[in-house]
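Q: Attaching a single structure in structure tokens format; questions to follow.
Rule-based calculations on the coordinates, nothing more; no lab input. In this text, all values refer to a predicted model and were calculated from it rather than measured experimentally. Don't worry about glycine lacking a Cβ; one is built from the backbone with ideal geometry, like all the others, and counts go over all protein chains shown.
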Amino acid sequence: MTSQRSIDDLRAEIDQINRELLTLMSKRGEVVALIGHAKTQEGRPNHYDPAREEQQLRELEALNPGPFPASTIKTIFKEIFKASLALEESNDKKQLLVSRKVKREDTVLDIDGVRIGGNEPPIIIAGPCSIESEEQMEQTAAFLQGKGVKILRGGAYKPRTSPYGFQGMGVDGLILGSSVAREHGQLFITEVMDTRDVEVVAEYADILQIGARNMHNFALLREVGRARRPVLLKRGLSATIEEWLYAAEYILSEGNNEVILCERGIRTYEKWTRNTLDLSAVALAKQETHLPVIVDVTHAAGRRDLLIPLAKAALAVGADGIHIEVHPSPATALSDNEQQLDFAGYEQFHAALSSMMRVATPA
Ligand SMILES: C=C(O[C@@H]1C=C(C(=O)O)C=C[C@H]1O)C(=O)O
């Protein structure tokens, strides 16, 4: 009689080995997490360390007693390294300041009594694309004040596709925008494009805007993170949601917690709209972060006939407000003539949205 062990018996041994491997894997995972934590504390942005991985592979190859060939051992351990790295990085993400895992409750901004986020009713940010003249700003602000709009927008520095397009009025525009807004009891929001202008823009604006084209301008993000003003951060033209949230993290990491995220449509293959409004990004940003999220309907589609349905959809998925461009005479505007609403257009928009704007879920 042979003393060959039965398959069942061998399998029982395998089951036991599996349990030991699992215990060891978990133990390894815990140590990896500690390394990841130490790297974050040391401010090492990159968790991946190919030299360290290579060194371990060499040692394992030298120690390998078989029966598995070196290549197999290598493949298995590379998989372990990959999983370990993913673990380190996901732990790291949990610690992001923008994350709900770090701050559970909604951030509600209170800017001179104008509240944004949480269970507050949605806000409207409206005004012309560019600040062009006192008359234009005055007419717009007075009209919007009558419609209950508390935040007036207007660009003084314009990120134009062509360097020969109207570039904005600069400091004169800032002075004009802020004084007109103040006269009408409104907050003034305007875009800052250059780190060198943050100080002067923060002097005049109540909210600093980072435009889509500057979402990846990390020096600018850090600079506005140091400014003592709330920041509206638009999502980049082709930015993933993760990149957008990391951009917000740059601002928070400098000590500025007052960030409003703004989805403005992304580049896709679609030609009937200028951009594609990504409503899942709005829902996800609300879910993953504690920050207020608003939707820029003007740039989302680049066409007036979609403003009302897109704004309704944005509010339905939980947006905390709408950003929309309004101009006394869009046809003669110095920028964005295709998309801005005239006053009659805004009247319609206001009427169509007003019932939804008042819907605030009680806390
Ligand atoms: C755990 C670390 O981080 C990563 C994961 C490694 C691993 O699982 O052994 C090795 C190097 C890094 O890519 C580390 O640096 O030691």
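Q: In the calculated pair distance distribution of region 7-94, what percentage of Cα-Cα distances lie above 16 Å?
A: Of the Cα pairs, 63 percent sit more than 16 Å apart.
Q: Continuing with the same structure: For region 118-221, which chymotrypsin sites (Phe, Trp or Tyr not before Pro) pass both filters: DSSP loop (anything but H, G, I, E, B) and at most 10 other C-beta atoms within 10 Å?
A: Y164
Q: With a point put 7 Å past each Cα toward its Cβ, work out how far D172 is from S355 in nm, to one decimal.
A: 4.7
Q: Let me ask you something else. Provide Rg and Dmax in Å for region 180-298, with only Cα atoms included in the calculation.
A: 14.2, 44
Q: Moving to a separate point now. Give the lysines reachable from K39 as a straight Cα distance under 24 Å; neighbours fewer than 8 places away on the same chain don't count.
A: In chain and number order, the partners are K27, K78, K82, K93, K94, K101, K103.
Q: Under a point spin-label approximation (7 Å from Cα along Cα-to-Cβ), what is the Q55-E105 distance to one decimal in nm?
A: If labels sit at Q55 and E105, their model points lie 4.7 nm apart.
Q: Please identify which residues in region 76-102 have an amide N closer than 19 Å to a label point set 7 Å out from the Cα of L21, following the Cα→Cβ vector.
A: Only 76-85 pass the distance filter.
Q: Give me the extension gain from R267 to R28: residue separation times 0.36 nm, minus the current Cα-Cα distance, reported in nm with one decimal.
A: Fully extending the segment from R267 to R28 adds 81.8 nm.
Q: Exactly which GluC sites (Glu not before Pro) in region 76-166 are in a DSSP loop and have at most 10 other Cβ atoms within 10 Å?
A: Passing sites in region 76-166 are E105.
Q: If one takes the longest principal axis of the Cα atoms in the chain, at what angle in degrees, from 0 to 90 and to the nearest 10, does the Cα axis of helix 70-94 lie?
A: So the helix axis and the longest Cα principal axis differ by about 40 degrees.
Q: Note the per residue figure in Å³ for the convex hull of the C-alpha positions in region 287-333.
A: Given the Cα convex hull of region 287-333, per-residue volume reads 84 Å³.
Q: Nothing charged except the Cβ atoms of Lys and Arg (+1) and of Asp and Glu (-1): what's the magnitude of the dipole of region 44-179 about its Cα centre? Round to the nearest 20 debye.
A: Its charge dipole is roughly 420 debye.
Q: May I ask you to derive the FRET efficiency for Q95 and S329 from their Cβ-Cβ distance with R0 = 51 Å, giving the value to the nearest 0.05?
A: Calculated transfer efficiency: 0.55.
Q: Could you state the angle between the C-alpha long axis of helix 343-357 and the longest principal axis of the C-alpha atoms of the chain, as a value from 0 to 90 degrees rounded to the nearest 10?
A: Around 50 degrees separate the two axes.
Q: Under the 0.36 nm per residue contour assumption, what length would be gained going from the current alpha-carbon distance of D8 and A219 to full extension?
A: Result for the pair: 69.6 nm of gain on full extension.
Q: Could you tell me the convex hull volume per residue, in Å³, taken over the Cα atoms of region 24-180?
A: Taking the convex hull of the Cα positions in region 24-180, it is 219 Å³ per residue.
Q: Using alpha carbons only, how many degrees (0 to 90, rounded to 10) separate the axis of helix 134-146 from the longest principal axis of the chain?
A: Approximately 80 degrees, to the nearest ten.
Q: I've got another one for you. Show which lysines lie in cross-link reach of K312 when reach means a straight Cα distance below 24 angstrom and same-chain residues fewer than eight apart are skipped.
A: Hits, sequence-local ones excluded: K147, K150, K234, K271, K286.
Q: Determine by what factor the alpha-carbon radius of gyration of region 205-259 differs from 2.2 N^0.38 Å, reporting the quotient.
A: Normalised Cα radius of gyration, region 205-259: 0.98.
Q: PRE reach from E134 (point 7 Å along Cα→Cβ): which of region 168-203 fall under 19 Å by backbone N?
A: 169-186
Q: While we're looking at this one, here's another question. Among L261, L220, which comes first, then next, by fewest other beta-carbon atoms within 10 Å?
A: Arranged by neighbour count, lowest to highest, L261, L220 become L220, L261.
Q: Also, quick follow-up: When only alpha-carbon atoms are used, what values of Rg and Dmax, in angstrom, describe region 252-363?
A: When restricted to the Cα atoms of region 252-363, Rg and Dmax are 14.9, 45 Å.
Q: Related question: In percent, what relative contact order does the chain have, based on Cα pairs under 8 Å that are 6 or more apart in sequence?
A: Relative contact order, the chain: 15 percent.
Q: Could you work out the per residue convex hull volume over the alpha carbons of the chain, in cubic angstrom?
A: Considering the Cα atoms of the chain, their hull volume per residue is 200 Å³.
Q: Over region 318-358, what number does the Rg to Rh ratio reach, with both radii from the alpha-carbon atoms and Rh per Kirkwood?
A: Ratio of gyration radius to Kirkwood radius: 1.04.
Q: Taking H placed 1.01 Å from N in the peptide plane, check which residues at least 5 places from M169 or on another chain put their amide H under 5 Å from its amide H.
A: I131
Q: What does the helix-only formula give at 222 nm for the chain: each DSSP H stretch with n ≥ 4 adding -39500 (n - 2.57), the total divided by the residues, and the result rounded to the nearest 500 deg cm²/dmol?
A: For the chain, the value works out to -15000 deg cm²/dmol.
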